Every structure is written in C-alpha cells, then in structure tokens.
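Working notes, beginning with the structure itself.
The values are calculated or read from the model by the stated rules, or taken from the named source; none is laboratory data. These figures come from a predicted structure and were not determined experimentally. Every residue, glycine among them, receives a Cβ derived from its backbone with ideal geometry; neighbour counts consider all protein chains shown. The accessibility values were calculated without ligands, DNA or RNA, using every heavy atom of the protein model including side chains. Shrake-Rupley method; radii C 1.70, N 1.55, O 1.52, S 1.80 Å.
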Amino acid sequence: MNTAFEKVVVIEPRFKLTPFCELKLSTECAYLVKGLIPRTGLTVLWGPPKSVKSFWMFDVAMHVALGWEYRGRRVQQGPVVYCAFEGADGFKARAEAFRLRKLAEDHAAIEFHLVAARANLVADHGELEAAIRAQLGAKPVLVVLDTLNRSLAGSESDDKDMAAYVKAADALRETFGCAVVIVHHCGIDGTRPRGHSSLTGSADAQLAVKRDSAGNILVTVEWMKDGAEGDVIGSRLEVIEVGADADGEPITSCVVAAVEAPPSRDRARAARAAEGRANGYASAV
C-alpha cells in the first residue's frame, strides 16, 4: 500500500502546557465598560426591589450598542442581546423614551436586540444560543439575563441549582466570548445577592444598586477581578411622556440621567462584598 500521500492529522491536546517564556502581556482591552463590566466574564448586578436595576442596565446596554462613552468610561461597541424575562412589556415605552431624549431623529440602526420570552436558562440556553447565532448574524459583546429568578427553574438557595445556572450562563459567555450580566435581587437583610453564595463566588464583577433618600440610583462596584473596587455611579430617573393610549391618556416612561455620586467611595461596602465573595468560594467547593 502506497502511504506517500496519506494525510497526517495532528490533534491539539485539550490541556496544553504553555511555557513561561510564551506568557506575554496582552494589550487587548479588558473591559466592555471601563471599570464596570469586564469584556468577557460574568457580572452580577443586584439590589432590592424598586431600585430600578433594569432601567440602569438598559441604559448601560444602549451605550454599549451605540458605542457611547458611559460617564467618561470607554466602551467597546458591539451587538447587545437583552433577555427580559420579566417586565418585557415596558421595554417598548422605555426604548421610546431613550429614543426621544437621547437619539437624533436620523440615527443609524442600533445593534440592540430584545428577547421578550420566559425561559429556563439551564434547559434552554442551547436553544437561546442557536437563536442568537441564527438571527443576529454576529457575536454579541453583551448578553443580559434579567432576572435570575425569572430564568431559574429551581431554588436560588440550592447549591446544585445555582451551580447549574452559573454553568448555563458561562456557556453563553464561552460560546460568544462576551460579557454576561445577571440581574438579581437581594436577600432578606439586603446586604448581599439572594440565594446561594456560589453565584458571587463565580462572578468576575459584582455591582450593587440602591436608592438613596432623594431617590437617586447609586451603583457601587463591590467586586472587580483585576480592577478597582468602591467606585460609585450616581443616576436619577427622568419621566418622559412617550405617547398617548386609546383613551387619550399620556403614556410615560423614564430615562436615566447622571447625578453627582457621593464624594467618598464606599470602601466598607466593597470590603464586605469581597469578604462575601471569599465565603462564596468556600461554600462552593
């Protein structure tokens, strides 16, 4: 048998050993939104009810889709997929408010895409990935899961259920090489994200949302892998009339506007979050 022209197949090892001399510094941007959301990885955005977490996250997502700086922070532009597992009906009014207040009439197409469907992320993440690939025609740079509670078929307090959810979210991150933001509620005492601590232990960044006595939205960087912690972003909601209903009554929604953040960084809260993250790792192993 003549083997002179037989094809040689080289199989790359799954676990490749990289020698120290080949470990070179990467100059690729590490953030999707500088100092807030890593370019790839899981970010947990959590807070109590009525802290308008979704409004704030929608505003950030629109800045990513448009390639606009966010509060002076550099942004890596790209397609955004926002999975609204709860309150999806309000997004049309929210989008109209953003359009009226912040966009020019002749603005170009915006790579923001809403998924308005209930889902069990653990069971459905493969179908969601396939839908994004088929309909988007490109890889998203950001996928938002809003909220964890409405996309988890199980208990937030069960380690296996939460681990399965994190694994499903990680599958989205790995498939698209993107940032995944999980919007989540707080626990009863309001000091940490609700449910099993393995969620915090798996996050690359954690942002806490609260309202102050004036109704302002304060977002604190509690945890940031290889980044600064303690920064506070201040915002407020502005009510916008976006149209009228069939009875002629006004339809309103809100847009997010910047306000001055507290002068001192909330280092104590960031330290508590870091301690909670360490405990999360301990609980997860």
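The table below gives the values:
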{"item": "Condition broken by Glu127, with the remaining ones in (1) modelled with pLDDT of 95 or more; (2) open to solvent by less than 60 Å² (accessible area, probe 1.4 Å) satisfied", "result": "(2)"}
{"item": "Scan of segment 165-194 for residues that are under 23 Å from Phe55 (Cβ atoms) and part of a loop (DSSP other than H, G, I, E, B), ordered by number", "result": "Cys178, Gly187, Gly190, Thr191, Arg192, Arg194"}
{"item": "Single residue of Glu86, Glu22, Glu105 found to be at pLDDT below 95 and touching a Lys or Arg at 6+ places or on another chain (Cβ under 8 Å)", "result": "Glu86"}
{"item": "Count of residues meeting criterion [open to solvent by less than 10 Å² (accessible area, probe 1.4 Å) and of a type in the set (Ser, Thr, Tyr)] in segment 135-156", "result": "2"}
{"item": "Residue satisfying all of: in segment 165-210; of a type in the set (Lys, Arg) and modelled with pLDDT of 95 or more; surrounded by the most Cβ atoms within 10 Å (Cβ to Cβ) among these", "result": "Lys210"}
{"item": "Any strands (runs of 3 or more DSSP E) falling wholly within segment 16-133 and containing at least 2 residues that are closer than 19 Å to Asp204 by Cβ", "result": "31-33, 41-47, 80-84"}
{"item": "Near pairs, Cβ below 9 angstrom, 6+ apart or cross-chain, from segment 239-252 (under 19 Å from Phe91 (Cα atoms)) to any residue that is in a loop (DSSP other than H, G, I, E, B) and open to solvent by 60 Å² or more (accessible area, probe 1.4 Å)", "result": "Ile251/Asp245"}
{"item": "Test result for Glu241, in contact with a Pro (Cβ under 6 Å, 6 or more places away or on another chain), surrounded by fewer than 20 Cβ atoms within 10 Å (Cβ to Cβ), of a type outside the set (Lys, Arg) and not in a loop (DSSP other than H, G, I, E, B)", "result": "yes"}
{"item": "Residue within segment 60-76 that is over 28 Å from Leu128 (Cβ atoms), within 18 Å of the chain's Cα centre (by Cα) and loosely packed, with under 14 Cβ neighbours inside 10 Å present", "result": "yes"}
